[in-house]
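Asker: For reference, the structure I am asking about is given below.
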Amino acid sequence: MASKTAAKAVKRPKAKAKAKPAGPKKRAPVDVVKAEPALFDPLTPGEVADALRTLTEDRRLASMAKVGRYRVITTEPLVVKPPHLLSGHRLARVVAYDYSSDRAVDACVDLDAGVVVHLELDRSQPMLSIAEEALAVSVAMIDERVRAKLAMGDSPQSTLHYWGRTPNDLSYMRRSAAVVFGRNDGHASVVAVVDLLDQTVTQVVPAELW
Amino acid sequence: MSNVIEEANWKFHWRLTESAGIMIYLADFKGRRVLWEGSLPYVTIDHQRQELTPDQDAGEPHGPWWVPLGTRTIAGPVRVQSFRGGIELSANFVAGPYHYMQLWRFHDDGRLCPWLTILGPGVHDQHTYHPHFRFDFDLDGAGDDAIERYEEGRWQRVEHEGWFPYSGEADDHGNVWRQIDFGSRASINIRPHSWDDAEVFAIRYHDGEWAPFTPRSAAGAQPFPAGYVGDEELDGHDVSLWYVAHVHFDQSFPYTAGPWIRVEGLG
């Protein structure tokens, strides 16, 4: 069952040995026991709308909102532990992808205060949004190279977030999806890699050669 | 269905997430807090060549991929069922040729089993699953905790963030990692499945390292959770643990990955 991953390339830290470890440094007690379960509840449609309005009105994201080439990946409740300043607040985590600048947008919106309290813009790759999954399927379905490889009864079975292993692969740098075609009985026939920035198919691979 | 369950000495909440399967939060055992939040942030899948000719590079030709396990991929309802000595939650997820069943099992003796049954079949036989479980334990409160691993025949303190693979060494009960609360002397013991090829990442809490998680950082950078690892002190700080299994597909599937977790010393 064993298999190596890239994660294993992490330098292994030394765990310092102590015959009888002393207790950790004392800190002020943290009262996590009194956390409010309702803060974990799914966001209401109104809360989702509120979070997205607040985010797109933030001046740091003005260019993204103006160009309008972004996809909201997900908006989920976020609960921060005491003694954090935001603990006890109703928070929304909004993850989006800004295609105009090819970057991920990762924000925390304080719904109680109506402000963006945390914002990161970076080159990481969040999961695909539902809209991106649908786009990838539609791009793959009209590609002649894909169509030529499909057998009778093949249809899109799944769309996965994919990235290449080496810089030779376009999807190493660019946001991409893999559309797996096959039969409804679980047999896979063809994999099409779709570049979501240019909305083109970059690879068509028989499933058995993937 | 209520999302609060009180049974078998446990009280916990659950919800179905967008991408991290069934999340358990605010879990207490015998009235004492054990877990702030636990989930299955992602399952990445690598593929290897089915056949290799002499002129081919032996490296894997393609990168990994993943699909969120959650509201988009759930097949059927989340099931809540009692069993002799406990209660369990389970749900099936289907994403094309990938089929999973996520389980959370709570035993009245303090055992907790966050598991993932992987059914396959995948796009072909040569592939490996990497389920990533994340736990934010707050044993009897968030403070006064420390992380230890079993190494060189005894428990040793993990003072800084890092990656701690299962080396084959374990205590008499099979436990390899543990979180200890120095106030109550209670502990959370983590025993890997011997075929999981498991590893644990111990990471200090930081703003922004929040759910929903993604495995993909910037091109050329370490994937997550390795990308979160620095060299910060862990003692007395808020720490999250990632348990990662590596499971190669074979004909004997289904296979159930994930650790046994046991709470000891509470109540």
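The values are calculated or read from the model by the stated rules, or taken from the named source; none is laboratory data. Keep in mind that this is a model prediction, so the values were computed, not measured. Every residue, glycine among them, receives a Cβ derived from its backbone with ideal geometry; neighbour counts consider all protein chains shown.
Asker: Take the residues in region B:113-135 that are within 20 Å of the chain's Cα centre (by Cα) and at the interface with chain A (Cβ under 8 Å from one of its Cβ atoms), then tell me which one is nearest to B:GLY31 (Cα to Cα).
Answerer: B:HIS130
Matching residues to (1) under 16 Å from the mean Cα position of the chain (by Cα); (2) more than 25 Å from A:VAL32 (Cα to Cα); (3) in contact (Cβ under 8 Å) with a residue 60 or more places away in the chain:
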position	(1), (2), (3)
B:ALA146	no, no, yes
B:PRO165	yes, yes, no
B:GLY168	no, yes, no
B:SER187	no, no, yes
B:PRO192	yes, yes, yes
B:GLY208	no, no, no
B:PRO212	yes, no, yes
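Asker: Please specify each residue of region B:137-165 satisfying the condition of being more than 8 Å from every other protein chain (Cβ to nearest Cβ) and within 26 Å of B:ALA20 (Cα to Cα).
Answerer: B:PHE137, B:LEU139, B:ASP140, B:ILE147
Asker: Follow-up question, since we're still on this one. Filter region B:142-161 down to residues that are closer than 14 Å to B:LEU234 by Cβ, in a strand (DSSP E or B) and in contact with an Asp or Glu (Cβ under 8 Å, 6 or more places away or on another chain), then give me how many there are.
Answerer: Residues in region B:142-161 being closer than 14 Å to B:LEU234 by Cβ, in a strand (DSSP E or B) and in contact with an Asp or Glu (Cβ under 8 Å, 6 or more places away or on another chain): 6 in total.
Asker: Please verify whether region B:10-26 includes one or more residues that are over 17 Å from the mean Cα position of the chain (by Cα), in a loop (DSSP other than H, G, I, E, B) and more than 10 Å from chain A (Cβ to nearest Cβ).
Answerer: Taking every residue of region B:10-26 in turn, none turns out to be over 17 Å from the mean Cα position of the chain (by Cα), in a loop (DSSP other than H, G, I, E, B) and more than 10 Å from chain A (Cβ to nearest Cβ).
Asker: Then there is this: Name the residue that is farthest from B:TYR205 (Cα to Cα), counting only residues in region B:235-251 that are surrounded by 20 or more Cβ atoms within 10 Å (Cβ to Cβ) and more than 10 Å from chain A (Cβ to nearest Cβ).
Answerer: Restricting to residues being surrounded by 20 or more Cβ atoms within 10 Å (Cβ to Cβ) and more than 10 Å from chain A (Cβ to nearest Cβ), the top hit is B:TYR243.
Asker: Same structure again: Among the residues in region B:50-61, are any outside any strand (DSSP E or B), at pLDDT below 95 and within 20 Å of B:PHE135 (Cβ to Cβ)?
Answerer: For region B:50-61, residues outside any strand (DSSP E or B), at pLDDT below 95 and within 20 Å of B:PHE135 (Cβ to Cβ): absent.
Asker: If you go through region B:178-198, how many residues are under 16 Å from B:GLY265 (Cβ atoms) and either within 11 Å of chain A (Cβ to nearest Cβ) or part of a loop (DSSP other than H, G, I, E, B) (or both)?
Answerer: Total satisfying the criteria: 7.
Asker: Here's something else I'd like to know. The conditions are (1) outside any loop (DSSP other than H, G, I, E, B); (2) surrounded by 24 or more Cβ atoms within 10 Å (Cβ to Cβ), and B:LEU139 fails exactly one of them. Which is it?
Answerer: (1)
Asker: Right, something else. Return yes when B:HIS99 is closer than 28 Å to A:VAL94 by Cβ, within 14 Å of chain A (Cβ to nearest Cβ) and surrounded by fewer than 22 Cβ atoms within 10 Å (Cβ to Cβ) and no when it is not.
Answerer: No, not satisfied.
Asker: Sticking with this one: Of everything in region B:199-217, what is charged (D, E, K, R) and either farther than 20 Å from B:MET23 by Cβ or not in a loop (DSSP other than H, G, I, E, B) (or both)? Give them in sequence order.
Answerer: The answer is B:GLU199, B:ARG204, B:ARG216.
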